[in-house]
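Bear in mind that the values in this text are calculations on the coordinates, not laboratory data. These numbers were taken from a predicted model, which means no experiment stands behind them. Here the Cβ positions follow ideal geometry from the backbone for every residue, glycine too, while neighbour counts run over all protein chains shown.
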């Protein structure tokens, strides 16, 4: 047993924290794209467009049914072999792609459930004033579904931030990759990964605070 | 002019509306009474295609929709020519009282925001709810919610206002204020088709009362005739029951 090398750890904090912006950028962009895709998938699941519905189900089934790491390898190492125009795909792009598709599959089901949960009276009122389907969704149904779905969606975002660490396996130097390099140089694996763990933890905790504020805001309309 | 021709609606094996024919003059106030489950609400909901009729034609002003070959665009036009007040209010839960009234004006009628807001504020003051403009439905009483619901329908300025048992879900203490507001709407010669169990109210404001039973209009006429000199045995039985 040996003591922790605290001085080494403190020196490592700014090095690893320097990659926080990259980690957050990957997660934020993937989350944004995943949200857009998930809403589209969810609306289709509710509307049940023939043929398209079967494809959407297949998509969701595949991306929920296979490990994220396998999907990332498939995109990064596999796809360029069959689609030659993808040879230029870099690790960050492949990560964003993988995270987007993987999490969109999960979030689609959350959003679909939230949409179905909006009271029937809201749909009928929207129809009765002559709204089109698009107007009804964007003005009435989705804003109300957002409130129900928000806590779960933020959880997925938290998951996504942690999942960016898999980008390391595609050769991207982000928080995890940087930690690995530092540890390999110093052999102080415990110290290095403890620093990384704490930094991830702090990011997620900060986000949980934002989550509380978001939920308060979304619940504003429903307070008695 | 509102014209309903050969309107038929089935739910599975049950025929809820059986070949209904009805004409309503501009400015006429028609009240539908009858036992529960006789198709009164379904008739209203078929007029704006919230329930899709199995057969029949609906004409509201310049819009005619035939159930046999209805197009999306026609149904939208029909809904825009009508306005509905729901039993359970159906206010948009994510919008304030003011926004609820503005919504159709801005989103559907594409009026300028400022003009829509002015109209909505005028209507709120007419409904006596100016101080509740920024309240969300969840913070309003049942009576206040229904008054906003009526305000939302008034704002549209439609050919025909449909009222689907607007006081049935209300605590007794709020019924009066909602009926009062409906009276003031009726005074403007707004064409109204009302389903209600409030017999005194029906007698007060109706130009014509329809009695429905078993998916048909069994008897109709001016309120004095329907209430004081009913002909059909079913109507007599119904009236003696509701008179309690």
Helix B:113-126 vs. chain B, principal-axis angle (Cα, 0 to 90°, nearest 10) | 60
What list of whole percents do you get for P(r) of segment A:21-172, with Cα-Cα distances grouped in 10 Å bins up to the one holding the largest distance?
-> 11, 36, 31, 16, 6, 1
Number of partner chain Cβ atoms within 10 Å, mean per residue of B:85-97 | 5
Per-residue mean of C-beta atoms belonging to partner chains within 10 Å, peptide B:47-53 | 2
Can you pull the Kirkwood radius for segment A:123-209, inverse mean 1/r over Cα pairs, to one decimal in Å?
-> 16.2
On average, how many beta carbons from a partner chain sit within 10 Å of the beta carbon of a residue in A:114-126?
-> 4
For helix B:172-186, report the angle its Cα long axis makes with the longest principal axis of the Cα atoms of chain B; keep it between 0 and 90° and round to the nearest 10°.
-> 90
Here the averaged projected area of segment B:36-95, based on the convex hull of its alpha-carbon atoms and given in nm², is 5.2
Degrees separating the helix B:233-242 axis from the principal Cα axis of chain B, which is the longest one | 40
Dividing the alpha-carbon radius of gyration of segment A:31-102 by 2.2 N^0.38 Å, where N counts its residues, gives 1.21
Taking just the C-alpha trace of chain B, give me its Rg and Dmax in Å.
-> 17.8, 55
How big is the gap, in Å, between the Cα center of segment B:37-79 and the Cα center of segment B:131-209?
-> 22
Only helical DSSP H runs with n ≥ 4 go in: add -39500 (n - 2.57) per run for the protein assembly as shown, normalise by residue count and round the 222 nm mean residue ellipticity to 500 deg cm²/dmol.
-> -17500 deg cm²/dmol
Taking the radius of gyration and the Kirkwood hydrodynamic radius from Cα positions alone, what is the Rg/Rh ratio for the protein assembly as shown, to two decimal places?
-> 1.15
